[in-house]
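The values are calculated or read from the model by the stated rules, or taken from the named source; none is laboratory data. This is a predicted model, so every value here is computed, not measured. Don't worry about glycine lacking a Cβ; one is built from the backbone with ideal geometry, like all the others, and counts go over all protein chains shown. In case anyone asks, the SASA skips ligands and DNA or RNA and just uses the protein heavy atoms, side chains included. Shrake-Rupley method; radii C 1.70, N 1.55, O 1.52, S 1.80 Å.
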Amino acid sequence: MPSFTFVALSAAVALVGIAVYLPMQRSTTLFEGPAVVENFGMDRCQKVTGPSFCDDVRIQRNLQLGFLACDPSLPYRNFAASVYDEAKIKEDGALWVYDLKKPGTPAEKLTIKNFEGPFHPSGITFAPTSEDGTPARIVILVVNHVPLEVPRVEVLYYYPARKSLVYKKTISSEHFFAANKIAASASPMVHQYDDTPSFFVTNDHGYNLTNWKREYEEKFNLPASSIVYYNARANLAQEVAWRLQMPTAIVPYQQVDSIWIAQAKAGTVDNFNSHMLAAEHQEQRVLSVDTRQPLTIAWPGMLNEEILHTKSVTVGLDYEIDTDTIVTLSHAKWNDFVHVAKEKLNNKDGETSKNAGFVISRGNKYPVRVGETRPKPRKDIVFDVNETPRRYKYKIFIEPIISHDGSEFGSPSAIAVSQGRVLVSSHYSEGFLDCNITEEAK
Ligand SMILES: *[C@@H]1O[C@H](CO)[C@@H](O)[C@H](O)[C@H]1NC(C)=O
Ligand SMILES: *[C@@H]1O[C@H](CO)[C@@H](O)[C@H](O)[C@H]1NC(C)=O
């Protein structure tokens, strides 16, 4: 008869086996994606020429201007795929501007006046402007990845009338060690003299390139990344959310210091909101850098209030407040993207033996029973949440609207939405997409 120790040991071994197997199986399906990538809706997209090798695209909605961060050195520093050789980085990148009011006209490359030194742009964001009127000057913040240095944030002014981009200042922090994407906050903590907003930055990894722990983080998909908040009046940054699994996109949501983030390797899109949880831990007395007056600042207390399971490797995300529209951009098959990344590292202008497709999805709201997330409710049953407010609430489901196998355009990097249109940028495909996602267009 087996001893008690033996039985207990067998049970423990079985439990450990299951605990290891289940997450591995989950990430396998996540990375490999569906067996067949549906190809519908590409007729709703037009390919626009101009830049190549773009890491981010954002739309300034007052002016309907799209900005792209593109860099011929991007094939040598694909941090998301962990494929890089920073020694090969020579050429500088640039920002490109696209006028959504003139669909299909090529994007224009911008040079930065008064700026010297390497420029390898990643995430872009804009200081919030009033929703009415056309700003004479846009404050643009860009994450700049100088090879083998801690990334920094460049503050630039764009004058639309003259199409002129001018360097203002550089913001540095040790906490930006793996900075990737950036989202300006609508917080009143704005620099009084140069209009720099406070902002959030994602660190896509928990460790930097030269840290040996990075290898284990990659190998085991460890949730080690973080989100950093920069207070513009204190000129201080601090981590405000931790234990994230490769956040690749961040955008402001409705309230001040409220954000959506995409966690590529967790397969989720998450809403974090700031709360005052404990003033003694969050408040800090500082001397403001602008007016030199004593000032009490409050660090955001970020709570994860909504988790949407995308069941895919989501790298792009955007939210339009006016129309309450959330869109996401996912890799169809992550492993194909990593394959393409490795080939591009060796020959950035060469053909690749595989294509890396993409999926554009939209967040649609359906009433579900409180506490239930699945199964998804049948669409033909209409609940009136106002009639039965205690039993039902609206929940967002991320549903694909356009997908493509990558043969014409692939290797997706970011998405931006405005007034029923989305712009999609790519790591390796030439140009970018301008797609119509209005309901009728489906
Ligand atoms: C990266 O991390 C290592 C180990 O923590 C540190 O020694 C190194 O200075 C860091 N490099 C950069 C560029 O941050
Ligand atoms: C998008 O498609 C809809 C429906 O076909 C159409 O009414 C609308 O004009 C299109 N928008 C643009 C910007 O092309």
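Structure values in brief
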item: Complete set of residues in the range 188-203 that are open to solvent by 40 Å² or more (accessible area, probe 1.4 Å) and either of a type in the set (Phe, Trp, Tyr) or within 16 Å of ligand 1 (Cβ to nearest atom) (or both); result: 193
item: Count of the range 43-64 residues which are on the phi > 0 side of the Ramachandran plot and under 16 Å from the mean Cα position of the chain (by Cα); result: 0
item: Given (1) farther than 25 Å from residue 170 by Cα; (2) more than 18 Å from the chain's Cα centre (by Cα); (3) small (Gly, Ala, Ser), number of the condition residue 237 does not satisfy; result: (1)
item: Filter pass, residue 116 being more than 16 Å from ligand 2 (Cβ to nearest atom), under 21 Å from the mean Cα position of the chain (by Cα) and among the acidic types (Asp, Glu); result: no
item: Neighbours by Cβ (under 9 Å, 6+ apart or cross-chain): first from the range 256-270, free of Cβ contacts under 8 Å to residues at least 24 places away in the same chain; second open to solvent by 10 Å² or more (accessible area, probe 1.4 Å) and of a type in the set (D, E, K, R); result: 258/305
item: Residue count for the range 410-433, restricted to those that are under 11 Å from residue 59 (Cβ atoms), within 15 Å of ligand 2 (Cβ to nearest atom), of a type outside the set (Lys, Arg) and in a strand (DSSP E or B); result: 5
item: Residue check for residue 146: modelled with pLDDT of 95 or more, in a loop (DSSP other than H, G, I, E, B) and within 23 Å of residue 218 (Cβ to Cβ); result: no
item: Residues satisfying the stated conditions in the range 328-352, i.e. of a type in the set (S, T, N, Q) and either more than 13 Å from residue 410 (Cα to Cα) or in a helix (DSSP H, G or I) (or both); result: 328, 335, 346, 347
item: Residues of the range 328-379 satisfying the condition of being at pLDDT 90 or above, aliphatic (A, V, I, L, M) and out of contact with any helix residue (DSSP H, G or I) (no Cβ under 7 Å at 6 or more places or on another chain); result: 329, 332, 338, 340, 341, 359, 360
item: Top-ranked residue in the range 149-173 [being open to solvent by 10 Å² or more (accessible area, probe 1.4 Å) and assigned to a loop (DSSP other than H, G, I, E, B); ranked as nearest to ligand 2 (Cβ to nearest atom)]; result: 160
item: Pairs, first under 19 Å from residue 337 (Cα atoms) and modelled with pLDDT of 90 or more in the range 37-52, second of a type outside the set (Phe, Trp, Tyr) and more than 16 Å from ligand 1 (Cβ to nearest atom), C-beta under 7 Å, six or more apart; result: 52/70; 52/430
item: Close pairs (6 angstrom Cβ cut-off, 6 or more residues apart or separate chains): away from ligand 2 (no atom under 16 Å from the Cβ) in the range 91-105, open to solvent by 10 Å² or more (accessible area, probe 1.4 Å) and charged (D, E, K, R) anywhere; result: 94/109; 96/109; 97/108
item: Residue within the range 263-279 that is open to solvent by 50 Å² or more (accessible area, probe 1.4 Å) and either on the phi > 0 side of the Ramachandran plot or within 16 Å of ligand 1 (Cβ to nearest atom) (or both) present; result: no
item: Extreme residue, most open to solvent (accessible area, probe 1.4 Å), among residues of the range 204-218 that are without any contact (Cβ under 8 Å) to a residue 40 or more places away in the chain and within 18 Å of residue 229 (Cα to Cα); result: 207
item: Index of the failed condition, residue 305 passing every other in (1) farther than 17 Å from residue 401 by Cα; (2) acidic (Asp, Glu); (3) open to solvent by less than 20 Å² (accessible area, probe 1.4 Å); result: (3)
